[in-house]
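Read through the structure below, which is laid out as structure tokens, and then see the notes.
The values are calculated or read from the model by the stated rules, or taken from the named source; none is laboratory data. Computed from a predicted structure; not experimentally measured. Surface areas here come from the heavy atoms of the whole protein model, side chains and all, with no ligands, DNA or RNA. Shrake-Rupley method; radii C 1.70, N 1.55, O 1.52, S 1.80 Å.
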Amino acid sequence: MRGEIENAGYQAFFDALIDGRLQLGQTLTQDELCRILGISLSPMRETTTLLEAEGLITVRRKVGITIFYPDVKFVGNCFQFRGLLEKEGLRKFAQTVRRDWIDTIRSEHTAIIDFVRQVNDLEAYRVPVKKLERRFHDTFVDAFDNDQIRVNYARLTQKMYLLRLHNLNAVGPANTVTSMEEHIDIIDALKVADVDGAVEALERHLQGVLHRVLTT
């Protein structure tokens, strides 16, 4: 999806959080962050400006750079915003959805469920699951055909991915299968042109993901 910020340091920041070189809530110096991200001081100034504008870090003189740590309110607000966008986008998408899309995306979901059950290894299935999940949900947001919505949604989902990844139980095999099965409920409702049912299934899915993130 279009909308990701085109800045090497910004992307390196997310990569470092994903692979554990940085931690949510961590405080470190600018020099330490430069070393971890592999960039020099000059481009780091642009990167920290972007990260601070996105609410991902706080820069304080004589203290250092503190990476955000999401509280319950932050997580809830993210899911509420996501739900507003996706449910309305789903209604728009349902007006033009094609049968071949339904058949293909459903087949891909059953295949990924089988794969997750077979490998039972987060590192093996994390990337393919993420790609399918992003493509599935992005489809609804793309129905707006609005670049401003795409930009904000892309940044939102990037943050939310970090939340889920840092609660590894939330993205374990059982919960991942449950999430993909919830996707299939949405697809099956679209297949029979039950738009309200699809939106209700999407709401259940988002509430389920929120519950798993907060309580698993």
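Observations
- Crossing angle, helix 72-94 versus the chain [Cα axis fit, 0-90 degrees, rounded to tens]: 40
- Percentage, to the nearest whole number, of Cα pairs in the chain over 30 Å apart: 28
- Whole-Hz ³J(HN,Hα) from phi, Karplus 6.51 cos²θ - 1.76 cosθ + 1.60, for segment 144-152, glycine and proline x: 5, 6, 9, 5, 5, 5, 4, 4, 5
- Rounded percent of accessible protein surface that carbon and sulfur make up, segment 29-186, 1.4 Å probe: 49
- Area accessible to solvent at H211, 1.4 Å probe radius, in Å²: 110
- Per residue accessible area of the chain, 1.4 Å probe, in Å²: 52
- Calculated [θ] (222 nm, deg cm²/dmol) that DSSP helices of n ≥ 4 give over the chain, each run adding -39,500 (n - 2.57): -24500 deg cm²/dmol
- Scanning residues 5 or more positions from L22 or on other chains, those with amide H under 5 Å from its amide H are L17, with H placed 1.01 Å from N in the peptide plane.
- If the chain linking D19 and R45 were pulled fully straight, counting 0.36 nm for each residue of separation and taking away their Cα-Cα distance, it would gain 7.1 nm.
- Net lengthening on full extension, V192/D121 (0.36 nm per residue, minus Cα-Cα): 22.1 nm
- Pairs beyond 30 Å (Cα-Cα), from K73/K191; K87/K159; K87/K131: K73/K191
- C-alpha long axis of helix 8-18 to longest principal axis of the chain, angle in °: 70
- Amide H to amide H distances under 5 Å link F68 with G25, I57, T58, where only residues 5 or more positions off or on other chains count and H is placed in the peptide plane.
- Cα-based helix-to-principal-axis angle, 99-119 vs the chain, degrees rounded to 10: 60
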